[in-house]
Each structure stands twice: as structure tokens, then as C-alpha cells.
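Each remark here refers to the structure printed beneath this line.
The values are calculated or read from the model by the stated rules, or taken from the named source; none is laboratory data. All figures in this text were calculated on a predicted structure; none of them were measured in a lab. Please note: Cβ atoms are built from the backbone with ideal geometry, for glycine as well, and neighbour counts cover all protein chains shown. The protein model used for the area step is the full one, side chains on, heavy atoms only, and it has no ligands, DNA or RNA in it. Shrake-Rupley method; radii C 1.70, N 1.55, O 1.52, S 1.80 Å.
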Amino acid sequence: MKTLLKILLVLAFAGASHAKEIKLLNVSYDPTRELYTEYNAAFTKYWKGKTGDDVNVSQSHGGSGKQAQSVINGLEADVVTLALAYDIDAIAQQAKLLSADWQKRLPNNSTPYTSTIVFLVRKGNPKGIKDWDDVVKKGVSVVVPNPKTSGGARWAYLAAYAYALEKNGHNDAAARDFIRKLYKNVPVLDSGARGSTVTFAQRGIGDVLLAWENEAHLALQEFGADKFDIVTPSLSILAEPPVAVVDKNVKRHGTKEVAKAYLDYLYSDEGQEIAAKNFYRPRNETIAAKYAANFNQVKLVSIDQEFGGWAKAQQTHFADGGVFDQIFQPQN
Amino acid sequence: MKKNKLWLATLLGAQLAFNSLAADNTDTNRDSDIEALKQQINALSQKVEALENQQTANQQAVTNAAGGQIQELDQKVRVLARERELDQEAAVAAAKAAPKLSVGSSGFIASSADSNFVFRLDGLIQVDSRTFFNDTAIKSNDGFLLRRVRPIFQGTLYRDFDFKFTPDFAPSSGPTVFDAYGNYRYEPWLQLRTGKFKTPEGLEQLQEDVNISFNERSLATDLVPNRDVGLQLWGDINGGVLSYAAGIFNGVGDEQNSSNAAFENEVELAGRLFAQPFKSSDITALQGLGVGVAGTSENGTSGTKDLPNTTGGTLPGYTTDGQQQFFAYNATTVANGEHWRLSPQGYYYYGPFSLLGEYAISDQGVRNTTTGAEAYLHNTAWEVSGGWILTGENASFNGVTPLHPFDPHNGQWGAFQVVARYAELDIDNAAFNGFANSATSASAAQAWSAGLNWYLNKNIRANASFSHTTFTGGGGAGTVSPAIVTRQPENVFFTRIQLAF
């Protein structure tokens, strides 16, 4: 009888080791929809050729902070491709879904492409906006998302802050006053970058949109170059959107190998080309040179140099009771 | 503007008329007068032009101011509209994040927005009647009864942890815990359950109480365990194409429902494999085919707790469809050593047709505590049951859902199903060598049943059935079961009203 039971168990577990359909969930930030739609198609083809397996990659997009919170709350992301390292740090620290040293796993601090913040203005630039000083002038209406929920908004805030520091001899009080003036010009705060693009481009609100560089180019493509102009300020910030495998989720899903390959492939020539074509600045120098015409020259400061890293910047500026909470007054 | 020009023309005309009347003035005087008039006219023209320019400028200023205000108002309106849009989006997002509560045919369900936490309240009430015919030897066995009264609490915690708690208030002995277990669901194909639940053995026994075809399960179920306390690894592979279960339990006698604690040195091992090989195929005629085998094994059985239940009598034994005991071990008989069971089983569902069958073997070591005699009994049983839904619904192991729920105002009557069953149970003849009384207990029973099930809707069912059981052996002198039961065939008419939600 015991032999029979053993046979039953062996048969049961033999049946349990069947192959599973490969599904991946990429939880990303707001403006990467087009990038990953194109990239997923390329990776699916690559993976099929390499392994013979079909992989179906699903995308989830929203404000980077909100997306990170969703993963912390249980959204089963296999990989996260968010706007800034702090949001992935939050997943590592609060939900323990990946190790704290996740950023060392891939080249360039796990950021396969970079970007920056530029201005999108209405055609002909009727308000004459050339640099950050113009953005804080009275009567200029500025559209930018909420830095509490949007990674792009945090980059924009820090770009403006860095400019104000440099202009005022690193006088922090002057920089705060500059930021206060800027947000006084903001009539509505969206939760994510794509929402702000809708506010500015489709709803016709504001004189200038503080936008991801790729999002600004996308707006030109989507809504017409006869409607908007891109203005590159004299100084902006080096935005490094990182990527990471969510260890515990891929272990549970059995997708560790394909998830790692998915992120590795972002560094391949094809992955870098797709990033550049979607107006993300590629890390690969050869491909960056090939697409140099897509990107205006601008002085870029890094968050590490100017703000002491994301943890410090988050605590100082965006945590509850931080600088943003102190200077921002809703207009209504 | 026009008024100014008219005024100038009038003035000029009057001056000319005056000149013609004063024709006798000198030429010099006339010339100087004309020059003076010209200067006056020029001055007046300049004034008129200045007035016109001023008026145009004023109008432009008014236009510019209005334009700015309109643009400002336009932006304010757009901002308000966008804020309203964002508020609506936020409201939708908040609604998605809010807990969900639903009340319907599936019971009361409260769930967190992400469904990681679910609480569900179901219930089962069965009101039966049993009417026996031609049972002159037996008195006072007809009547109504509450067969099952069970609130069912179940749910999920932290997405992967399930629980179920089912007390039953029907037993006359007082409330009894039937199911009380926790289940960790790593994946559907790999789950771990611990607590009190059904031992993975008999097919008919594993079918939910709300879905069995007749009021009572068949003779084959007499030889399988009911619920037991233990630990089970189990899962459904490929959506149930293959299901497995392997567990360690305290071990119980046939058809026994375990107490909540049982301390002994030996445990019972149980395992089951069940395949529905065509479940996911395109061959619709075979999608409802399932076959499997299950077994249990325990080496150290002892006492009466490892013998069958005492249902329908005072000693451990086996019961008829009418829940009357037709076989009983002697009071001096106890379980002794090895007890194993094996049950090949299967079903087939296709459209309104259903067929279910199983074979059960229960080999039990016994000992006479008076004589010290021992025996190893080989008891067997089998059953086959079938059904046909007259109103065209699909039959399934998980019940019937009427296409047209009962609503006489609109000419809808629910679903009707006819069912039939045949079952046998055979006791090892060695049982009558000092372990049971052949004069009073039957050595075999054969039962056929037929019935009509009326599914008013998904939650309410009414059924009626007739069961006829004959016995081999027994029927001797005695005033209690099993003698009075085996003295004549059992003929019993069942009815049931069932509310399940």
C-alpha cells in the first residue's frame, strides 16, 4: 500500500513539473509606453529566436512613485523600469522584494539610458521663454506634475533648484524662493508626466510644460511640430531612470531567467537603438553619436553631485513636511 | 464724426452767404476775412482729427483689455475643467482602491480592493423527510429532520492563505466542527492544507454536500473516511487536467468524522491522483471525463475509534441509504493493526448526462478482545449513478445551474433532473468468525435508488427519491439494529428542501 502511495506522489510531482507559459509584467513610469511597446516586440522576437519560447510582456504605467507603491502593495511586477532609483529603493526597503544592492547588478548603475528635463512651449514661444528665469516670471503659466507622485516632476523640481543654486551662489534660501515662485505659476498638478502632457497639449492649459526630453519630442510627433517648440534651458539635470528585476516575484513566477534577459537586452545594440529612437539618451557611445542630432547640448548636473543622492534629496525636498510641502500652496 | 462734418459745412455755407450780401466791401478786407476763415477751418479740422484719433485709441484700449480678460477667463475655465477631470480620475482610482462588498447567489463576499483579503459567508440548510415502507419490525423511524445546518466561513488572507470554517448545528449531540483548515496556495498546482477536512479518498465523499445526487451517499461511501485532522500537499495542474493530493492524518475508521483531537502513535497516509485528460482539449464529448485512484494506509489501528461509525446503531458498523445500521461489529471487536483502502473512481459529464462510479476496498485488521482471535477483513463496495437533466442544462460534478430560474410569473420553472443509482457492499465472511453476529448483521447489501431533483435556482433545490435495499444474511432475533433492519428489505422515500448560498 505504501508503495502505491509513493507511486501516486511521484506521478503527481512528475505532472507538476510541466512547462509554463512565460508572462512578464514590466511596471514602468508614465512616458515609457511607446518605448516599451517597441522594445517588447523586439525582445519577444529575440527571445523566441534564442530559446524557442514565447514570452508575453505586459506593461503597466503611471506616476513612478505611485507605481512603486503599487508593487509594494502587491502588484506582481517581474521587472520595474521606473523614473528614479529612490522608487526602486522603496520597493527594496519596504517590501523586501529585491536586495538593497540592486543598482550594482547592471552597468551604469542599472540605468540603460538617460534623459533630462526641457521646456515645451507653444509655437512661436509667445511668452519668450528661454531659460528657468522666464518660467518663474509673473504671468507665465507652468504645467508640471506633482513631485509627490511623479518621478519626472521630481527631476524637473531638482533641475530648477539646481539652476537657482548655481545662479545664486548656492544660496539655499534664494533657491527655495525661486522654487516657490515657480510653483506659484503652476495652475494644476497632474499625478504623472503623461497627464501633464495632456493638460498642456490637449487641454490647452499653460504657457510652458516642464517635460521629460523624450516626452517633449513625443508631443511634437503626436500633436504636430507646428503647434509646439522645444526650448532647452541653459542647465538641467541628468535624469537616470533605473531598471531592476523584482527577485521575489520572479522566483515565485519562475521567470528569473527571462526577466534578467529582458533587462540585459536593453543594453544591446538593438535595445539602445530603440531607446534613442524614442528620444532617450543611450549609454552606448556609438549609438549616442549616431542619434546626436536628436538631443540638444545642455549642461547637466547630477543628483549625486548637487543634492547628495536620491535618499537625501527625497528626505529634504519630497518627504512629508519637506521643502516642497513648505513652499507649495494649491492655487484654489 | 458725421455730426462734426455737418457742422463745418453749415458754418462754411453761412459764411459764403454772408459774403454775397456784403458785396460792397473792399477786396482787402475780403481776402483777410477769407484767410481768417481758412485758419478757423484748419483749426477746427485738426480738432476733429484729434477727436477721431482719441476715439480710435480708446476703442483699441477697450478691445485689448477685453481680449486679455477673455484669455485669462479661458485659461481659468480650462484649468477648472481639467481639475474636474483629474478629480473624476482620482475618484475612479479611489473607487478601485476601496473595499468591495457583494451580496448575491454566491453568498456574502467582502474583499479588499486588490482581492488579497477576502471574507465570504455561505450557508447550507437541508430539511429532509424520511418515510419507510413495509418496515414492520422497526418503529419510529419516519419523520422530518434537519440534515445539515451549516454556516460556512471562508476566505483569503494576504492573497495566498485561504481558510474555511464549517460548523454544523444539525447533529442532536450539539454543534460539530466539520471543516476547519488553513491553506497556503503557492500556485494552484502546489498547495498545503492543514486542519480538519475531507480525506482525499472517496469520489462521492469528496463531492460537495450541496451537489450530491441523492439525500444520502451510497453504500460505497461506507468504506471511505469522512473528515480527518492532518496535513495535505495538493494541487491542480494545468487547470485541473491532473489533480493530486498526499497527506498525513490521524486516521479514522470507515465513514468516520474525526473528533478534533486524536492522540495515538500511528498516522494514516492518504493519496489521490485524478485526471481529466481532455478537460482543456477541443473534444467536447470527452471534456467531462475524469478518472482516478485514491488510497489510505495505517498500520497501528486499535480500539473502536478505528472501526466504522456507529450511525444508525450503538456499535460500529455500516448503514443503509436510510441511515439504518445493517452490519455491526460485536462489542468485543476492536481494530487491530493494518487498515488500508483503495478506491478506483471516475465520472463522465456530457451535456445533461452524468455518470459517476467508484469501487472501494477497505481491508481492516480486527481482534476479539475476549478470545484474542484476530482476522484481516477484506470489505468491498461499489456504486454507479447516473442522471439526465430534462431541461437541457449541463450536468457537472459541481452542481447544476438552471438556465431559467424559477419564476412562475414569467413561465420559468427551473431545472429538473432524473437520477438513478445502484450500489453494493460486501462484508468479508471472516467477520462472522467471532467479530460480528451473522444472525443479526447482513453480510452484504444491495441498493437501488431513483429520484427527481428540482433546481429552482442556483441556491434552492427540492428533491425526492426512493431507495430499495436488500440484504444477504442477518434478519435474526433482536429488538435493535441491525437485526430489525435486516429483517426485511429497506424501502424509504426521501424528500429534501435545500437552501445553499
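Based on the Cβ-Cβ distance from B:ASN265 to A:ASP101, what FRET efficiency comes out when R0 is 45 Å, to the nearest 0.05?
For B:ASN265 and A:ASP101, the calculated efficiency is 0.35.
Antiparallel DSSP bridges in chain A: what percent, to the nearest 5?
Roughly 50 percent of the DSSP beta bridges within chain A come out antiparallel.
Cut-off 16 Å, label point 7 angstrom out along Cα-to-Cβ of B:PHE397: give me the residues of region B:252-277 whose amide nitrogen falls inside.
Only B:271-277 pass the distance filter.
In whole percent, and with a 1.4 Å probe on the protein chains, what portion of the accessible area of chain A is carbon and sulfur?
Values: 6970 of 13870 Å².
Taking all protein chains in place, chain A shows 50 percent carbon and sulfur surface.
Taking every residue in B:270-283, how many Cβ atoms of other protein chains lie within 10 Å of its Cβ, on average? Intermediate results must be reported in sequence, preceding the final value.
Details: counts 2, 10, 3, 6, 1, 2, 0, 0, 0, 0, 0, 0, 0, 0.
That works out to 2 on average.
Between B:THR136 and A:ASP133, what is the label-to-label distance in nm when each label sits 7 Å out along the Cα-to-Cβ direction?
12.0 nm
Quick one: of the DSSP bridges fully inside the protein assembly as shown, what percent are antiparallel, nearest 5? Mind dumping the intermediate values first?
On the way: 188 of 202 bridges.
Taking every DSSP beta bridge within the protein assembly as shown, about 95 percent pair in antiparallel fashion.
Suppose R0 equals 35 Å; then what is the FRET efficiency for B:PHE108 and B:VAL291 from their Cβ-Cβ distance, rounded to the nearest 0.05?
Using R0 = 35 Å, I get an efficiency of 0.45.
At what distance in nm do the modelled label points of B:LEU146 and B:PHE353 sit from each other, each positioned 7 Å from its Cα along Cα→Cβ?
About 4.2 nm separates the two model spin labels.
Quick query: amide H of B:ILE237 versus all other amide H atoms, modeled in the peptide plane; which residues come in under 5 Å with a sequence gap of 5 or more or a different chain?
Amide H to amide H, under 5 Å and 5 or more residues apart or across chains, B:ILE237 pairs with B:LEU242, B:SER243, B:TYR244.
How far is helix A:172-184 tilted, in degrees, relative to the longest principal axis of the Cα atoms in chain A, given as a value from 0 to 90 rounded to the nearest 10?
Taking Cα atoms only, the helix is inclined about 90 degrees.
Find how many whole Å separate the alpha carbon centroid of region B:25-89 from the alpha carbon centroid of region B:258-330.
Each part's Cα centre sits 103 Å from the other's.
With a 10 Å radius around each residue's Cβ, average the other Cβ atoms per peptide and rank B:229-236, B:65-72, highest first.
Numbers: B:229-236: 19.6, B:65-72: 10.2.
So the peptides B:229-236, B:65-72, ranked by packing, come out B:229-236, B:65-72.
Which parts of region B:74-89, residue by residue, lose 10 Å² or more of accessible area when the rest of the protein chains are there, as against the chain isolated (1.4 Å probe)?
B:GLN75, B:ARG78, B:VAL79, B:ARG82, B:GLU83, B:GLU85, B:LEU86
Please compute the average number of Cβ atoms from other chains found within 10 Å of each residue's Cβ in peptide B:234-246.
Details: counts 1, 4, 0, 7, 4, 0, 0, 2, 6, 2, 8, 3, 6.
Taking the mean over all residues of the peptide, I get 3.
Just the number please: accessible area per residue for the protein assembly as shown, 1.4 Å probe, all protein chains included, in Å².
Averaged over the residues of the protein assembly as shown, the accessible area is 46 Å².
Which three extents, in angstrom, do the Cα atoms of region B:255-401 have along their principal axes, listed largest first?
Rounded to whole Å, the extents work out to 60, 30, 29 Å.
In degrees, nearest 10, range 0 to 90: what is the angle between the Cα axis of helix B:2-21 and the longest Cα principal axis of chain B?
10 degrees
Give me the inter-chain shielding for B:189-202: mean count of other chain Cβ atoms within 10 Å, whole number please.
1
Quick one: angle between helix A:33-51 and the longest Cα principal axis of chain A, in degrees between 0 and 90, rounded to 10, please.
It works out to around 30 degrees.
Read phi for every residue in region B:400-405 and hand back ³J(HN,Hα) as whole Hz from Karplus 6.51 cos²θ - 1.76 cosθ + 1.60, θ = phi - 60°, with x for Gly and Pro.
10, 10, x, 6, 10, x
Give me the one-decimal nm value for the distance between modelled label points at B:ALA331 and B:GLN39, 7 Å along each residue's Cα-to-Cβ direction.
15.5 nm
Estimate for me the total accessible surface buried between chains B and A (protein heavy atoms, probe 1.4 Å, no ligands or nucleic acids), in Å² to the nearest 100.
Adding both sides of the contact gives about 2500 Å².
If you roll a 1.4 Å probe over chain B with all protein chains in place, what percent of the accessible area is carbon or sulfur? Before the final figure, lay out each step's value.
On the way: 14810 of 24530 Å².
It is 60 percent, rounded to a whole number.
Could you give me the percent of Cα pairs per 20 Å distance bin for the protein assembly as shown, shortest bin first, beginning at zero and ending with the bin that holds the maximum distance?
Taking all Cα pairs of the protein assembly as shown, the binned fractions are 12, 30, 21, 19, 10, 4, 3, 1, 0 percent.
How many angstrom lie between the C-alpha centres of region A:286-326 and region A:227-269?
Region A:286-326 and region A:227-269 have Cα centres separated by 16 Å.
Cα extents of region B:178-301 along the three principal axes, largest first, in whole Å?
Per principal axis, max minus min of the Cα coordinates gives 50, 36, 26 Å.
Computed FRET efficiency, Cβ-Cβ of B:ASN429 and B:GLU374, R0 22 Å: what is it to the nearest 0.05?
0.90
List, in order, the whole-Hz ³J(HN,Hα) value for each residue of region B:390-396 obtained from phi through the Karplus relation with A = 6.51, B = -1.76, C = 1.60 and θ = phi - 60°; use x for Gly and Pro.
5, 9, x, 5, 7, 8, 7
Please give me, ordered by residue number, the chymotrypsin sites (Phe, Trp or Tyr not before Pro) of region B:115-178 that lie in loop per DSSP and have at most 11 other Cβ atoms within 10 Å. Don't jump to the answer; show the numbers that get you there.
Numbers: sites: B:PHE117, B:PHE119, B:PHE132, B:PHE133, B:PHE144, B:PHE153, B:TYR158, B:PHE161, B:PHE163, B:PHE165, B:PHE169, B:PHE178; in loops: B:PHE117, B:TYR158, B:PHE169.
Counting only loop positions with at most 11 other Cβ atoms within 10 Å, the chymotrypsin sites (Phe, Trp or Tyr not before Pro) in region B:115-178 are B:TYR158.
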